[in-house]
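Structure record follows, encoded as structure tokens.
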Amino acid sequence: MSRRQINYWNIAAVRMTAAVLLALVVSVSFGSLPRHALADTKSSAKPAPTLPAAIEARQRGRYEEAQELITELLAADPADRAIRLEEVELGLQTGQADKAFKSLRGLTQGGANEARPWGVQALAEIERGDFAAAASSVKEALSRDQADVSARLASARLAYERGEIEEAISAYRWFVKYYNRVQPTDAITLLVVAEGASQYARLKHVTQIFDFTVNTLCPDALKADPLCWESHVLAGLLFLEKYNEGDARREFDAALAINPNAAIALAGSAALQARGGNWAMATTLAEKALEINRYCQLAWQVKLEVTVAQGNPEKASAILMKCAPLFPGNQRWVARLLADEWRKTRVPSASEAMEALQIDALKNCGTSACREAVTLLERNVAPGEFYCELAAAFEPTRQTALVEALYTKGTEIAPQLSAPRVALAMQLMQQGKLNEARHWLDEAFKADPYHVRVSNMRKVVKVLDSYETITTDHFVIRYDKAEDGLLIKLLVPYLEETYEQLATLYQYEPPTRTTVEIFNKTKGLGGHQWFSARMIGLPWIQTIGASTGYIIALTSPNGIESPYDWGRVLRHELVHVFTLQQTEFRIPHWFTEALAVRSEGIARPDSWNRLLCERVPKRNLRRLDQLTE
């Protein structure tokens, strides 16, 4: 999706983190003062102890200064509710959730008749996993003001967390009606409306609302308040969700230009780095975000995903033990805890997993992760996000039958959610199940036409449909007949000969034919762009050939400027098919790569020898457990 239009390019929809969202609705409470750019961030003069000065210091990320000003203001007038609300907002923005919640309780129990403290408290109680208390707080808020945006947001969240998806859709639709009726103009109300309306768009698939959010609501919020960095974050998270990485980066950078200490903006930047494989930078940014706000879910998610990608399950487990207790009852983290427990004991088959996820089976299990899952599943009748996240946890291990079953379950119990459809479609494409994937790609596109990977993968399917197909004893080969007809005459016998050699070497044969797809230039795009889109749904990956263990895809040597040894590439990728399937995808990544490189039959390059001569005497070598870092 572009900045002007949301179109082409582990899972659950990306939402603003609890701390940012709560801070937004706190800002509306009691008509707190509007935020304006009162002074330059580098001003050396100490600001006067005024509430606007404290607000500006917080929005600029000068948190210590903001706290000093609030302390001075409360010393002068401890009963001022607007100052108390600013104290709450600062606490939420800097991860002092307990302190902020205590202040909130003081406001709700102070005898005043305002609705919004109760609504804000309800949102805080949802994040703390206290859903019964949240329902009570929503009731208190709405009894005072039926139009309170914080209470309405909490009410919608509660319906969603109970699995009452249709009720949640109706509750989120309230924000669309409210905007049309009231036409709010202040920045914070606009962003709360944008959050509620975006959730409605996700669940009801009214995707033009995403355009309206990034092109109207967020810009209008910035016009109303130039310090409203949260508007950039909201837009950035939407772009991140849709895999529009260029616009996401610009939005997060714009937020950090206003507030360099905005934890959620740092986490968004970390997520972008992780997607690009820049794991060290992703980890650095995520850790910086968590130093500021330990309740930043996106930062924890990045840390976890990077650790998993680096092949360090024990470290990933340690991260889970730290972050999951911060978000009790949260579908994402309950799923990850259960997945981690399965990993430590025994990963179940697809059928075993479905049995293990029954309430009675979970109760008999008795572990803390199972107890968390019981609480969640008894509360939520349609936890599609839970099943989606549980499946995502096993994607890196290539347990395809289990992953497919869990994603399918997510689509069945929560058909309104687009994330399970998208994930299932991508999983089926990885397995080479083109016909099944076609159906789910179309379903995913209906639910979310702005998802870049879905859009690109549908185009890949159309290209493959236009290709010629050859079926041999061991392969199904798709290729551009006009461009690669001669290549195929050489490639087919080479593939079959290589297959026989590897079958003898490994004493194993894959149970089904392996799909081989050769991409050449078409429809104005190069073969490598189509190959990249086939593998990841995005227009660029560095390699020219790849295998998922079920399929082999490569850029045609006739569709690339620099020629390459296609036989060597095919042999390398076919080794992956054998070793991954023979070990049921349990072989370490470094091991299958080592076997594939060795099979190429080439002498070790001189540059590698020089590197070994340099490092061996210094004992500067990696251990086996470091090879994926």
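The values are calculated or read from the model by the stated rules, or taken from the named source; none is laboratory data. On a predicted model such as this, the values are computed, not experimentally measured, just so you know. Neighbour counts run over all protein chains shown; Cβ positions are idealised from the backbone, glycine included. Heads up: the accessible areas ignore ligands, DNA and RNA and are worked out on the full protein's heavy atoms, side chains in. Shrake-Rupley method; radii C 1.70, N 1.55, O 1.52, S 1.80 Å.
Structure values in brief
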{"quantity": "Net lengthening on full extension, HIS439/ASP130 (0.36 nm per residue, minus Cα-Cα)", "calculated": "107.3 nm"}
{"quantity": "Estimated D of segment 502-629 in µm² per second, where Rh is the Kirkwood radius over Cα pairs and Stokes-Einstein applies at 25 °C, 0.890 mPa s", "calculated": "149"}
{"quantity": "Area accessible to solvent at GLU600, 1.4 Å probe radius, in Å²", "calculated": "40"}
{"quantity": "Area accessible to solvent at LYS523, 1.4 Å probe radius, in Å²", "calculated": "150"}
{"quantity": "Proximal lysine pairs, segment 434-566, alpha carbons under 24 Å, eight or more residues apart or interchain", "calculated": "13"}
{"quantity": "Cα gyration tensor category, rounded, prolate or oblate, for segment 492-553 with a/c compared to 1.5", "calculated": "prolate"}
{"quantity": "HIS439 - accessible surface, heavy atoms, 1.4 Å probe, Å² rounded to 10", "calculated": "90"}
{"quantity": "Radius of gyration and Dmax over the Cα atoms of segment 75-215, both given in Å", "calculated": "15.5, 51"}
{"quantity": "Isolated Cys residues of the chain, judged by Cβ distance under 4.7 Å to other cysteines", "calculated": "CYS218, CYS228, CYS296, CYS323, CYS388, CYS613"}
{"quantity": "Segment 88-166 - percent relative contact order, Cα under 8 Å, separation 6 or more", "calculated": "26"}
{"quantity": "Global form of segment 311-353, assessed from the alpha-carbon gyration tensor, a/c cut-off 1.5", "calculated": "oblate"}
{"quantity": "Phi to ³J(HN,Hα) by Karplus 6.51 cos²θ - 1.76 cosθ + 1.60 over segment 523-534, Hz, x for Gly, Pro", "calculated": "6, x, 10, x, x, 5, 5, 5, 4, 4, 4, 5"}
{"quantity": "Probe 1.4 Å, all protein chains present, accessible-area order of PHE131, PHE445, largest first", "calculated": "PHE445, PHE131"}
{"quantity": "Rg/Rh ratio calculated on Cα atoms of the chain (Kirkwood radius)", "calculated": "1.01"}
{"quantity": "In Hz, Karplus ³J(HN,Hα) per residue of segment 360-376 (6.51, -1.76, 1.60; θ = phi - 60°; x = Gly, Pro)", "calculated": "4, 5, 5, 5, 5, 4, x, 7, 5, 5, 5, 5, 4, 5, 4, 4, 5"}
{"quantity": "Hits among aspartates and glutamates - C-alpha to C-alpha of LYS242 under 19 Å, sequence gap 8 or more where chains match", "calculated": "GLU195, ASP211, GLU230, GLU251, ASP253, GLU305, GLU385, GLU389, ASP442, GLU443, ASP448"}
{"quantity": "LYS177, LYS242, ranked by accessible area, largest first (probe 1.4 Å)", "calculated": "LYS177, LYS242"}
{"quantity": "Candidate residues SER143, SER103: accessible-area rank, largest first, probe 1.4 Å", "calculated": "SER143, SER103"}
{"quantity": "Over segment 386-528, equivalent-ellipsoid semi-axes from the Cα gyration tensor in Å", "calculated": "31, 22, 10"}
{"quantity": "Three-way shape call for segment 137-180 based on the alpha-carbon gyration tensor, with the a/c threshold at 1.5", "calculated": "oblate"}
{"quantity": "Separation of the THR469 and ILE359 label points, Cα + 7 Å toward Cβ, nm", "calculated": "4.5"}
